[in-house]
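Every read-out reported here was derived from the displayed coordinates using simple, explicitly stated rules and does not represent laboratory data. Source: prediction; values computed, not measured. In this analysis, Cβ positions are derived from the backbone assuming ideal geometry, glycine residues included, and neighbour counts consider all displayed protein chains.
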Amino acid sequence: MTPNPRQSDLLDAVRERGVMTVEALAEQFGVTLQTVRRDVKLLSDEGLLARFHGGVRVPASTTENIAYRQRQKLNEGAKQRIARAVAKAVPENCSLIINIGTTTEAIARELLRHKGLRVITNNLNVAAILSDNPDCEVIVAGGVVRGRDRGIVGEATVDFIAQFKVDIALIGISAIEADGTLRDFDYREVKVAKAIIGHAREVWLAADHSKFNRPAMVELARLDQIDAIYTDAAPPAPFPALLAEAGVALNIAP
C-alpha cells in the first residue's frame with residue numbers, strides 16, 4: 001500500500017511519541033475511532049505499526065528493516081524533495097559514491113541531467129538509473145548482490161571501495177538515534193558504508209524525517225563523521241543541538 005496523507009501523518013505522530021491510543025489519534029486528526037482503527041489495521045498489516053489493545057506503537061524490532069517495496073512508497077514525496085535539494089547542491093564534473101537506499105535511488109534520478117559525473121556505487125538500482133545519463137561514468141562495486149534490494153555488500157565490496165577517494169559520498173541511513181549514532185540493520189551493509197565514509201572528502205547524509213528517533217541494531221557512524229544532512233522537515237529535539245555541536249550543516253528541502 002501507499003499511505004495516504006492522513007495515514008502518513010498518523011505514522012509520524014506515533015513515531016514521534018512511540019505509543020498512542022486510538023482515542024488520542026482520533027482526537028488529533030478529527031476523525032472517528034472507526035477511521036483510525038481502519039488506518040491502523042492497514043498500517044500494521046504492512047508492518048509499519050504494531051497494534052495492542054486500545055492503542056498502537058512503532059514496531060519494536062531493531063534487527064529487521066521494513067521490506068524494500070514498502071520503503072519505496074513510504075514518505076515518497078519527502079524523498080523526492082530531498083533528492084532535488086541534494087542534486088541541486090552536487091556540482092558538475094565531480095566524483096561521487098552513492099550507497100544503498102530508496103532515498104539515494106531518488107537522488108540518482110535527479111542527477112540524470114548532470115554532466116561530467118563519475119559515480120561509484122554498491123547499488124545496482126542506482127547504477128541502472130544513472131546508466132541512462134550519457135555524461136556520467138558509472139563504476140559498480142564488486143561483492144555479493146543482496147536480492148531484496150539489489151545492494152552489493154561483503155568484504156569484496158569494502159576492498160573495492162578502499163581504492164578510491166571521491167569528492168562527495170551520498171549516503172542513506174535507516175535510523176538516527178538520540179545519542180547521535182547513525183544506525184542500520186545489516187552489519188555487512190554497515191561495513192561498506194563505513195568504508196564509503198572513510199574514502200570521501202565530504203559526506204552528505206540524506207534522511208527523511210521518519211529516520212529520527214528510529215532504532216536499529218548496528219552502529220554505522222556518529223554525526224560528527226558527516227558534513228551535511230538533507231532532510232524534509234526540521235528534526236525534533238535533541239537533534240538540532242546535536243547537529244550544531246557536531247558541526248553538521250542542516251539542509252531542509254523546500
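Per-residue 3J(HN,Hα) values for segment 133-141, derived from phi via the Karplus relation 6.51 cos²θ - 1.76 cosθ + 1.60 with θ = phi - 60°, read 8, x, 9, 9, 8, 10, 10, 9, 5 Hz in sequence order (x marks Gly and Pro). Of all beta bridges that DSSP places with both ends in the chain, some 40 percent have antiparallel geometry.
Each residue of segment 79-230 gets 93 Å³ once the volume of the Cα convex hull is shared out per residue.
Multiplying each eigenvalue of the alpha-carbon gyration tensor of segment 180-254 by 5 and taking the square root yields semi-axes of 20, 15, 11 Å, largest first, rounded to whole angstroms. For segment 5-60, a Kirkwood hydrodynamic radius built from all Cα pairs, placed in the Stokes-Einstein relation at 25 °C and 0.890 mPa s, yields a translational diffusion coefficient of 229 µm²/s. A simple rule links phi to the HN-Hα coupling: the Karplus curve 6.51 cos²θ - 1.76 cosθ + 1.60 with θ = phi - 60°, which for segment 103-108 gives 6, 5, 5, 5, 4, 4 Hz, with x for Gly and Pro. Evaluated over the chain, the count of Lys pairs having alpha-carbon atoms less than 21 Å apart is 10 (only pairs 8 or more residues apart or interchain). The three principal axes of the Cα atoms in the chain give end-to-end lengths of 55, 38, 33 Å, sorted in falling order.
Here segment 155-203 and segment 13-49 have alpha carbon centers that stand 34 Å from each other. Cβ crowding within 10 Å ranks Tyr230, Tyr187 as Tyr187, Tyr230, fewest other Cβ atoms first.
Based on Cα contacts under 8 Å between residues 6+ apart, segment 111-190 shows a relative contact order of 21 percent. If you plug the beta carbon distance of Arg118 and Asp179 into 1/(1 + (r/R0)^6) with R0 = 35 Å, you get a FRET efficiency near 0.50.
Remark: spin-label model distance Arg57-Glu23 equals 1.9 nm, labels positioned 7 Å along the Cα→Cβ axis. A simple rule links phi to the HN-Hα coupling: the Karplus curve 6.51 cos²θ - 1.76 cosθ + 1.60 with θ = phi - 60°, which for segment 215-232 gives x, 7, 7, 10, 6, 9, 6, 10, 4, 6, 9, 10, 9, 8, 10, 10, 9, 10 Hz, with x for Gly and Pro. Between 0 and 90 degrees, the angle of helix 33-45 with respect to the longest Cα principal axis of the chain falls at about 40 degrees.
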